[in-house]
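Have a look at the structure below before the remarks.
All of the numbers you see were taken from the coordinates with simple rules; none came from a lab. These figures come from a predicted structure and were not determined experimentally. Quick reminder, even Gly has a Cβ in these numbers, built from the backbone with ideal geometry, and neighbours come from all protein chains shown.
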């Protein structure tokens, strides 16, 4: 296989990854890393490095739109970024010393968890009373919903902060946005409305990925020849997915996509257990 053919195949795969990731909210990394490791037999650390750079690009573009609409809680996002960034740096350092087959097994388990949480029905917890810490840090806010302004309050800020640190470690170790864990921390633990938690998570993913990417870059795991087609493809796929999302039946798409993701996860776990990765 020539370099040109390899690059074009990576580009096509990244377009599909970005497309599917944007439709489900899981991000392109959950597809691109198994694609690179299982099909193209790329070392998982280089696959993670390329995925991190792609995450920075896609998060930056979509986050700007959500901030403009007034849905993202920027103050909450910047506060929780302290947890995710420190966790991401720790995770990136751990990745350098963790055997690749162990990383593959953890990646597969996280994929299965992400797939399950993405198809579950989400309900909003609109709290009328907040924790003293949330009031002190001024984390309570409002968001627009069907022409109305909805106010919400936060609960259990320390618990959410702790879970965000774990999400950061997983993001740095595996090279994915860990959106499922971030949404879980905000939605379930802190009682942030689902629409706000998803957009705020998206706002945070780019910064978390950037912190991890610095460590991967220093260790030589970001290969420009691999990262360029991945970034280009994931960006193109994300744009296509966002346009189709308005018309698509997202429930069916999530079920199909999460089934595929679960199969990829099982393959990653199997290859990790047998030492093929």
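A Förster distance of 41 Å, applied to the separation of the beta-carbon atoms of residue 94 and residue 243, puts the FRET efficiency at 0.60. The modelled label-to-label distance for the pair residue 142/residue 109, using points 7 Å beyond Cα in the direction of Cβ, is 4.4 nm.
Sorting 267-277, 78-88, 193-203 by their mean Cβ neighbour count within 10 Å, with the most densely packed peptide first, gives 193-203, 78-88, 267-277.
The angle between the Cα long axis of helix 100-119 and the main principal axis of the chain comes to about 40°, on a 0 to 90 degree scale. The sum of -39500 (n - 2.57) across all DSSP H runs of n ≥ 4, divided by the residue count of the chain, sets its helix-only mean residue ellipticity at 222 nm to -24000 deg cm²/dmol. In percent, rounded to a whole number, the relative contact order of the chain is 39, using alpha-carbon pairs under 8 Å and six or more apart. Spin-label model, residue 255/residue 2: points 7 Å from Cα along the beta carbon direction are separated by 4.5 nm.
The angle between the Cα long axis of helix 74-97 and the main principal axis of the chain comes to about 30°, on a 0 to 90 degree scale. Taking 14 Å as the cut-off, the amide N atoms of segment 136-152 that come nearer than this to a point 7 Å along the Cα-to-beta-carbon line of residue 82 belong to 136-139.
Calculated FRET efficiency, residue 40 to residue 273, Cβ-Cβ distance, R0 = 22 Å: about 0.60 to the nearest 0.05.
Between residue 135 and residue 74, the contour length at 0.36 nm per residue exceeds the Cα-Cα span by 20.4 nm. Put simply, when 219-230, 152-163 are sorted by average Cβ atoms within 10 angstrom per residue, most first, you get 152-163, 219-230. May I ask you to derive the FRET efficiency for residue 236 and residue 116 from their Cβ-Cβ distance with R0 = 25 Å, giving the value to the nearest 0.05? It comes out at approximately 0.30.
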